[in-house]
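Reviewing the structure listed below.
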């Protein structure tokens, strides 16, 4: 049986976000019964890629469980929004890259999880080009 | 489709073919076993050794030093496994972030609240300058090298001296040990060379004289210019003195049980170049110049395994001395527009 289908829509993901901007969007979980979803976590986070081990920092985190008392089932369409911080900015370096994304993690029975993410760019830092005078 | 159990795991990019649940269960089992061994050890020692004998021998309590590490490592590992069970990395990171924002710890946090993952500038601005606002601290790797050399020299020559005393006493008592004498010769020669190298290193480190840098403002912002004052003292004939703005990427990664670090220079921008300087204690060299941070430059960044560091590098070449390098770290903050200079 295939896993849940997680849809994430970030408003303005096609453009470059700036520090202080309001990041908003919707998420929905399909192809799974409402009783199968134990909890849903929505995070706006940055992580590193490249030569070094991965570092991760969370700017926004929200966990939804059936015990929250919300009338909206966990897999139904849900809004999220957060104000983006001043740093760190997205960066494409030589041995280090910093990426921003919205990540949704769905917890299912028997320890199974499903993860989806939607990337976006924070800031206008150009990609690193080695500038060492000869 | 059910996944077959594999006896080995293979990493493919960011994914692993093994079962994360099985790995966590194995980790918890291992920690639990250590804890059990430690607890059994503590109870056994208490019942069979310590309690029956402690009145006769007060030092018997030291036996607890043997099982206590098992208890602490096993207990800590088990608690960590239980806390991480079914807890995502994002949730753990959010908990850490919330804990670091608590009032008592906010001022001592490594990064300011307004600029996450950017190092604090306060450590670099607590020394006022004489002519400009701040005097930058120096990162001196030569000090640590000197400390290491002194320690090695003391330990090596101390041991060699001890064996020399033994050899001399045996000679004086009429029972010389010629094998010891022969073996000691190369160790003694190496020890003498170590002393010579140490003296040379002390002269090289202290003979050039201190370098200091003052700056008009800090932290720095891309696209802005700052006034810089570079000073070099000592008694030197300097052929060349270069000041550069340098940006480095630093990445640490685990390779087996080793931790390796790779450093790559992203930007090296010349700031000042002076040639043919005569420096003496009465007239130290002083030069003002402008420091421009490139617009669009990436800000300073610090996380557990990855860093972006900016610094001012001063390289000098003086007659009769080996080339010297002095590094002064600076912090670059992001521009309010997020990297786009207006």
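Points to keep in mind about this one:
- Single unsatisfied condition, residue B:56 versus (1) modelled with pLDDT under 85; (2) more than 14 Å from every other protein chain (Cβ to nearest Cβ); (3) part of a helix (DSSP H, G or I): (3)
- The set of residues in the range A:12-28 that are modelled with pLDDT of 90 or more and not in a strand (DSSP E or B) comprises A:16, A:18, A:19, A:20, A:21.
- Residue match in the range A:64-87 (condition: facing chain B (nearest Cβ under 7 Å), in a strand (DSSP E or B) and either more than 30 Å from residue B:24 (Cβ to Cβ) or modelled with pLDDT under 95 (or both)): no
- Residue count, the range A:9-37 (criterion: in contact with a helix residue (DSSP H, G or I) (Cβ under 8 Å, 6 or more places away or on another chain) and facing chain B (nearest Cβ under 9 Å)): 0
- Contacts under 9 angstrom Cβ, first residue in the range B:43-71 being more than 24 Å from residue B:30 (Cα to Cα), partner part of a loop (DSSP other than H, G, I, E, B), 6 or more apart: B:60/B:54; B:61/B:54
- The condition of being assigned to a loop (DSSP other than H, G, I, E, B), surrounded by 12 or more Cβ atoms within 10 Å (Cβ to Cβ) and away from chain A (no Cβ under 14 Å) holds for only one of B:131, B:120, that being B:131.
- Against the list (1) more than 7 Å from chain B (Cβ to nearest Cβ); (2) at pLDDT below 95; (3) buried (at least 20 other Cβ atoms within 10 Å of the Cβ), the condition residue A:41 fails is (1).
- The range B:200-233, subset under 24 Å from the mean Cα position of the chain (by Cα) and farther than 25 Å from residue B:267 by Cβ, residue surrounded by the most Cβ atoms within 10 Å (Cβ to Cβ): B:201
- The requirement of being loosely packed, with under 13 Cβ neighbours inside 10 Å and modelled with pLDDT of 90 or more is satisfied by residue B:155.
- Subset of the range A:115-129 [within 9 Å of another protein chain (Cβ to nearest Cβ) and either crowded, with 21+ Cβ neighbours inside 10 Å or in contact with a strand residue (DSSP E or B) (Cβ under 6 Å, 6 or more places away or on another chain) (or both)]: A:115, A:122, A:123, A:125, A:128
- Some residue of the range B:64-71 being at pLDDT below 85 and out of contact with any strand residue (DSSP E or B) (no Cβ under 8 Å at 6 or more places or on another chain): no
- Filtering the range A:96-114 to residues that are without any contact (Cβ under 8 Å) to a residue 24 or more places away in the chain and touching a strand residue (DSSP E or B) at 6+ places or on another chain (Cβ under 7 Å) leaves only A:113.
- The single residue among B:111, B:139 that is more than 14 Å from chain A (Cβ to nearest Cβ) and either within 30 Å of residue B:303 (Cα to Cα) or modelled with pLDDT of 85 or more (or both) turns out to be B:139.
The values are calculated or read from the model by the stated rules, or taken from the named source; none is laboratory data. Not measured: the values here are computed from a predicted model. Cβ: placed from backbone, ideal geometry, glycine included. Neighbour counts: every protein chain shown.
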